[in-house]
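The values are calculated or read from the model by the stated rules, or taken from the named source; none is laboratory data. Keep in mind that this is a model prediction, so the values were computed, not measured. Glycine gets a Cβ as well: all are built from the backbone with ideal geometry, and neighbour counts include every protein chain shown.
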Amino acid sequence: MVYETEIAEQEGIISQLQNQIRQTKLPARTINWQHNNIGSSQGITQRILVVRKQRKQINARAVVARNKIVSLREAILGVE
C-alpha cells in the first residue's frame, strides 16, 4: 500500500506539472503582432527566454517524478 500511495502522489505531481506547462504561453508572433511590435522586440525576446527557462525547469521536475515512479515500480516487482 505504501508504494501505491507514493506512485499516486508522483502521478499527481506529474499532472500538475503538465498543467503548468500548458499555462506558460509564449508571446504570439502573428502578422498583426509583428506589425504592432516592430520597435519593441527586446522585451519580447526576454519574455520568450523566461518562458523557455520556466518550461525547462518544469520538465526537469516532471522527469524526476517519472524516475521516482519507475524506481517504485521496480521496488514492487523486485527488479534489480
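Could you check, for segment 18-26, whether at least one of its residues is within 25 Å of the chain's Cα centre (by Cα), of a type in the set (A, V, I, L, M, F, W, C) and either surrounded by 11 or more Cβ atoms within 10 Å (Cβ to Cβ) or modelled with pLDDT under 70 (or both)? The answer is yes, given that some residue of segment 18-26 is within 25 Å of the chain's Cα centre (by Cα), of a type in the set (A, V, I, L, M, F, W, C) and either surrounded by 11 or more Cβ atoms within 10 Å (Cβ to Cβ) or modelled with pLDDT under 70 (or both).
When residues in segment 53-76 are screened for being touching a helix residue (DSSP H, G or I) at 6+ places or on another chain (Cβ under 6 Å) and among the β-branched types (Val, Ile, Thr), 3 of them pass.
Checked against the criterion of being at pLDDT 90 or above and either surrounded by 12 or more Cβ atoms within 10 Å (Cβ to Cβ) or at positive phi (or both), the candidates Arg73, Arg61, Arg47 yield just one match: Arg61.
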